[in-house]
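For reference, the structure discussed in these notes is given below.
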Ligand code: SF4
């Protein structure tokens with residue numbers, strides 16, 4: 001096994017719920033619980049899940065913006081949580097946000113915005129100019145865009161400028177938080193193409209956060225599916241999409257619109273997920289998905305399933321695949337396909 005670029009082990013985050021006149025702690029929301037994964041250099045790890053599943057909290061903990069309640073983050077073997085120097089952290093890990101407007105100051109020109117991290121590192125002025133031009137070229141924008149302001153750019157151009165800004169400190173890992181969801185479909189494809197080209201050329205590693213499973217399938221090399229703060233299935237993209245094991249993943253993939261009948265036939269036959277995602281402050285016991293799961297059986301409301309092996313590098317946290325699988329009842333409904 002090669003050395004991991006990043007290793008996340010048992011990462012958890014509970015946010016206190018405060019209330020009353022004096023803001024006393026009334027409870028806690030477990031936003032992320034016991035999340036572990038490792039990424040080899042050059043991988044694209046997709047984190048999928050509904051809103052409220054913990055995707056962004058994981059990203060913010062990796063960036064050092066939120067302190068985990070417990071767990072470890074190692075970057076190239078170094079304890080990232082113990083790193084007190086924020087600049088060293090941001091040299092290693094950068095983020096591209098959903099809304100490029102949030103990383104580009106409307107009062108600064110594009111060149112000034114891209115130059116900020118370089119100036120903070122005391123790069124000489126002439127070198128900053130040269131690097132800004134080179135960064136714009138890397139994201140396929142003309143050097144003249146350095147003089148423009150965000151309001152003069154289209155959404156796709158702004159996202160390219162935000163990517164150039166993230167690249168300025170030559171990070172090894174970039175967290176892409178829904179980087180294309182604010183863009184038109186045709187622009188989305190071009191941004192993904194650019195990100196893929198940069199990854200291959202610069203040897204970048206990405207954590208790609210998205211709720212768009214079609215995009216995830218075409219871009220990520222490995223995928224982790226989150227539900228209420230827990231990773232419930234992880235695997236190589238092809239294996240996970242062709243043979244999803246967890247009922248939640250199966251339902252998500254079954255709900256993705258496809259254009260041809262052949263694709264429709266290849267989708268898992270799984271009932272649509274009913275009901276709303278539960279309030280994280282009131283997480284169901286056992287498997288948190290059990291109130292919405294068509295396959296729930298005896299252990300599901302009481303035992304939290306551990307990861308069960310499905311195939312090489314592929315695991316699912318579901319009792320249907322673990323040591324309790326033989327207790328699962330026959331399917332109630334002939335329309336439901338056994339997993
Ligand atoms: Fe459904 Fe039980 Fe599997 Fe949870 S553990 S997904 S409730 S079958």
* **Contact order normalised by residue count of the chain, Cα under 8 Å, 6+ apart, percent** => 18
* Would you mind giving the three semi-axes, in whole Å and largest first, of the ellipsoid equivalent to the chain according to its Cα gyration tensor? => 38, 24, 18
* To do: Compute the acute angle (0 to 90°) between the alpha-carbon long axis of helix 125-138 and the principal axis of greatest extent of the alpha-carbon atoms of the chain; round to the nearest 10°.
  => 50
* Asked: Going by a ≥ b ≥ c, the root eigenvalues of the Cα gyration tensor, does the range 87-193 fall in the rounded group (a/c under 1.5), the prolate group (a/b larger than b/c) or the oblate group?
  -> oblate
* Based on the alpha-carbon gyration tensor of the range 145-246 and its eigenvalue square roots a ≥ b ≥ c, which shape applies: rounded if a/c is under 1.5, prolate if not and a/b is larger than b/c, or oblate? -> prolate
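Restricting to the chain, what percent of DSSP beta bridges are antiparallel, rounded to 5?
Taking every DSSP beta bridge within the chain, about 60 percent pair in antiparallel fashion.
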* Can you give the calculated 222 nm mean residue ellipticity of the chain, where each DSSP H run of n ≥ 4 adds -39,500 (n - 2.57) and the sum is split over every residue, rounded to the nearest 500 deg cm²/dmol? -> -8500 deg cm²/dmol
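Please sort 70-77, 225-232 by packing, taking for each peptide the average over its residues of neighbouring beta carbons within 10 angstrom, highest first.
The peptides rank, most packed first, as 225-232, 70-77.
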* To do: Among 128, 44, 25, determine the one that fluctuates most according to a GNM of the chain built with springs between C-alpha atoms less than 10 Å apart.
  => 25
* Where Rh denotes the Kirkwood radius from the mean inverse Cα pair distance, what is Rg over Rh for the range 237-288? -> 1.07
* Using the Kirkwood radius built from alpha carbon pairs, what does the Stokes-Einstein equation give as D for the range 224-339 at 37 °C and 0.692 mPa s, in µm² per second? -> 223
* Asked: Could the peptides 242-251, 265-274, 281-290 be put in order, highest first, of the mean number of other beta-carbon atoms found within 10 Å of their residues?
  -> 242-251, 281-290, 265-274
* To do: Please report 197, 276 as a ranked list, fewest other C-beta atoms within 10 angstrom at the top and most at the bottom.
  => 276, 197
* Cα convex hull volume per residue for the range 34-103 (Å³) -> 121
* What shape does the range 187-242 take by its C-alpha gyration tensor, where a ≥ b ≥ c are the square roots of the eigenvalues and a/c under 1.5 counts as rounded, a/b above b/c as prolate, and the rest as oblate? -> prolate
* Please work out, to two decimal places, the log10 of the ratio I(q)/I(0) at q = 0.11, 0.17 Å⁻¹ from a Debye calculation in which every Cα of the range 49-143 carries one identical scatterer. => -0.45, -0.94
* To do: Alpha carbons only, please: Rg and Dmax for the range 191-291, in angstrom.
  => 15.5, 46
* Which residue fluctuates the most in the chain, going by a Gaussian network model with Cα springs under 10 Å, if the choices are 126, 296, 143? -> 126
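Readers should treat all values here as calculations from the given coordinates under stated rules, not as data from a laboratory. In this text the structure is predicted, and so the values were computed from the model without any measurement. Positions of Cβ are backbone-derived with ideal geometry, glycine not excepted, and every protein chain shown enters the neighbour counts.
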